[in-house]
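Each remark here refers to the structure printed beneath this line.
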Amino acid sequence: MSAGGGLKTLVAAAVVRGVAEARARIFGHVLNPTGQRSPHKVLRKKLIGEKVAQWYPYDIKRDDPLVMARLEQERLSKLEMLKRRGKGPPKKGQGKRAAKRNK
């Protein structure tokens, strides 16, 4: 009697497995009967880098060397003005951290 029940469960498991494989084939799913981790879910998503890049407008300033030179000149003049007032960046190795270490 138990052999007949075992055969019935074996056939039922085979039918369920066959239906799952057919469903995966028809609908394009990935069959994972063992339940192991798979990167399929991550790889299935669309790449968004191109969309993000399109969101931001094109910056024409980056192409024009005259604009870039002017911006760099403004930055250097501002830095020079701050240094004259004593507010510029400290020399390497003389900031807060270095002062704290030398105490």
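All other residues whose Cβ lies under 13 angstrom from that of GLU80 are scored, Lys and Arg at +1 and Asp and Glu at -1, for a net of +4.
What a 1.4 Å probe finds exposed on the chain is 60% carbon and sulfur by accessible area, rounded to a whole percent. In terms of its C-alpha gyration tensor, the range 46-103 comes out oblate, because a/c is 1.5 or above while a/b does not outweigh b/c. Computed on protein heavy atoms with a 1.4 Å probe, the accessible areas place MET68, MET81 in the order MET81, MET68, largest first. Per residue, the solvent-accessible area of the chain (1.4 Å probe, heavy atoms of protein chains only, all protein chains present) comes to 103 Å².
Computed from the alpha carbon positions, the gyration tensor of the chain leads to an equivalent ellipsoid with semi-axes of 70, 27, 6 Å, biggest first. Helical runs assigned H by DSSP (4 residues or longer) give the chain a calculated mean residue ellipticity at 222 nm of -20000 deg cm²/dmol, each run adding -39500 (n - 2.57) before division by the residue total.
Stretched out straight at 0.36 nm per residue, the stretch from ILE60 to ARG17 would grow longer than its current Cα-Cα span by 9.6 nm. A simple count of charges around VAL15, restricted to other residues whose Cβ falls under 15 Å of its Cβ and scoring Lys, Arg +1 and Asp, Glu -1, yields +2.
The values are calculated or read from the model by the stated rules, or taken from the named source; none is laboratory data. Small disclaimer: the values here were computed from a predicted structure and weren't measured. Positions of Cβ are generated from backbone atoms using ideal geometry, with glycine treated the same way; all protein chains shown enter the neighbour counts. The accessibility values were calculated without ligands, DNA or RNA, using every heavy atom of the protein model including side chains. Shrake-Rupley method; radii C 1.70, N 1.55, O 1.52, S 1.80 Å.
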